[in-house]
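The values are calculated or read from the model by the stated rules, or taken from the named source; none is laboratory data. Source: prediction; values computed, not measured. Because the Cβ atoms are built from the backbone with ideal geometry, glycine has one as well, and the counts that use them run over all protein chains shown. Only protein heavy atoms, including side chains, enter the accessible area calculation; ligands, DNA and RNA are left aside. Shrake-Rupley method; radii C 1.70, N 1.55, O 1.52, S 1.80 Å.
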Amino acid sequence: MENKAALQDAFGRGHDYLRISISEHCNLRCTYCMPEDGIHLTPKPQLMTADEILQIAETFVQLGVKKIRVTGGEPLVRKDAKDILLRLGKLGVNLTITTNGILVPNFIDTFKAAGIKTVNISIDSLDKAKFNRITRRDYFEAVFENINLLLGEGFQVKLNVVLMKHFNDNEILDFIALTEFKKVQVRFIEFMPFNGNDWDKSKLVTYAEILHQMETEFAVNEIQRLEDAPNDTAKNFKIASYLGSFAIISSVTNPFCSTCNRIRLTADGKLKNCLFSNSETPLLETLRRGESILPLIQQNLRSKKPVRGGMEDDAQFQNPELFSQNRSMIAIGG
Ligand code: SAM
Ligand code: SF4
């Protein structure tokens, strides 16, 4: 039975959005996500099985979760990804997925059968050579074709673009131009610090800089500020005559912690109440003993810090000693 208070933290924030990582593996090696020398992969017996993912997801739905995003690593490389999506699709939630898009053609029917309406695809450059450099693999055409495939099949498509100085900050207007004839939402994401991703503040392209570039190209009356959905981490915009839209996700320069409704489950069954938190609550052992995971979930939420995993000021947030204690993004589930 739904119990709204069950997923509240100490600051009165309710949590109705669960992000589940179903794989630590990936067929790309994006430099900002996967450390150059890879990550220590969790042995398979310590990863959640499909049944365990479903059991945990069902518990969260009973507690009031309304939206589930499947992510990873790359979720679609997992062998039983279809089974997991179809089963999650029966929980009656808004089911979405974030993928690098490479394996999308094998999943169109599954997405439809699971009731997925929106697909987030990561693409950080529209230039093949640069795309290959950042992903350390050669899949640009496949990803681009699969974006068109999804649009043709009637899905809403959101494009995740992590902006990095001197890498793709000169493509902001190209990505906005893509929205002229494609009904996509481009999401510019500020580069965030995680273990092993060589982050430093000078690589950040801020909200203010993106706005500035926009204003050099478009007249003020052409730029429409759209209404943001409740709990939306993005500030949404549109060029008046264009089909698509774009958004800025400024987790670093304008964190959106006060309205955070998200909780994350890692592929090895640990609960993370914040992307930036380095404390995790393991659920699997308790689940495997047949005991209730509810007290663990509530304990985890009660310990959620008000801002960015407890890194309240910029100095703390930018301190490599602190952000290196967190997992790499690939092992968290973005
Ligand atoms: N493999 C899938 C993909 O690439 O879309 C899903 C997992 S990926 C970790 C989820 C999202 O996290 C991607 O859009 C990726 O661009 C984003 N991401 C990874 N590392 C990041 C970082 N350091 N800063 C900002 N976004 C990051
Ligand atoms: Fe893989 Fe996605 Fe990370 Fe790139 S961002 S390495 S595609 S998990």
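One residue alone among E209, E180, E215 is at pLDDT 95 or above, open to solvent by 10 Å² or more (accessible area, probe 1.4 Å) and either at positive phi or among the acidic types (D, E) (or both), and that residue is E180.
Only one of the numbered conditions (1) open to solvent by less than 10 Å² (accessible area, probe 1.4 Å); (2) assigned to a strand (DSSP E or B); (3) closer than 22 Å to P282 by Cα; (4) not aliphatic (A, V, I, L, M) is not met by F60, and that is (2). Among the residues making up region 14-30, those that are in a loop (DSSP other than H, G, I, E, B), out of contact with any Cys (no Cβ under 9 Å at 6 or more places or on another chain) and more than 9 Å from ligand 1 (Cβ to nearest atom) are D16, I22, E24, H25, R29.
Within region 182-197, the residues that satisfy the criterion of being hydrophobic (A, V, I, L, M, F, W, C) and near ligand 1 (Cβ under 8 Å from one of its atoms) are I189, F191, M192, F194. Scanning region 79-97 for residues that are under 18 Å from C26 (Cα atoms), open to solvent by 20 Å² or more (accessible area, probe 1.4 Å) and either in a loop (DSSP other than H, G, I, E, B) or within 16 Å of ligand 1 (Cβ to nearest atom) (or both) returns K79, D80. Listed by first and then second residue, the pairs with beta-carbon distance under 9 Å, at least 6 apart or on different chains, first residue in region 29-45 and within 14 Å of N195 (Cβ to Cβ), second among the charged types (D, E, K, R) and surrounded by fewer than 15 Cβ atoms within 10 Å (Cβ to Cβ), are T31/R133; T31/R136; T31/D198; Y32/D198; M34/R136; P35/D198; E36/R136; E36/D198. Does I53 meet the test of being surrounded by 15 or more Cβ atoms within 10 Å (Cβ to Cβ) and either within 11 Å of ligand 1 (Cβ to nearest atom) or closer than 26 Å to L149 by Cβ (or both)? No.
Of everything listed in (1) within 15 Å of ligand 1 (Cβ to nearest atom); (2) outside any helix (DSSP H, G or I), the single unmet condition for L76 is (2). Examine region 159-173 for a residue that is more than 15 Å from ligand 1 (Cβ to nearest atom) and at pLDDT below 95, and state whether such a residue exists. Among the residues of region 159-173, at least one is more than 15 Å from ligand 1 (Cβ to nearest atom) and at pLDDT below 95, which makes the answer yes. Summed over region 116-137, residues that are over 19 Å from the mean Cα position of the chain (by Cα) and either under 14 Å from C26 (Cβ atoms) or outside any helix (DSSP H, G or I) (or both) total 4. Residues of region 218-271 that are of a type in the set (D, E, K, R), part of a loop (DSSP other than H, G, I, E, B) and within 17 Å of I189 (Cα to Cα): D228, D232. The test for being surrounded by 13 or more Cβ atoms within 10 Å (Cβ to Cβ) and either touching a residue at least 24 places away in the same chain (Cβ under 8 Å) or within 16 Å of ligand 1 (Cβ to nearest atom) (or both) holds for F246. Checking every residue in region 315-326 against the condition of being on the phi < 0 side of the Ramachandran plot and modelled with pLDDT of 70 or more gives zero matches. No other residue among D51, D80 is out of contact with any Asp or Glu (no Cβ under 8 Å at 6 or more places or on another chain) and over 30 Å from A5 (Cα atoms) apart from D80.
Within region 167-185, being within 16 Å of ligand 2 (Cβ to nearest atom) and not polar (S, T, N, Q) holds for one residue alone: F167.
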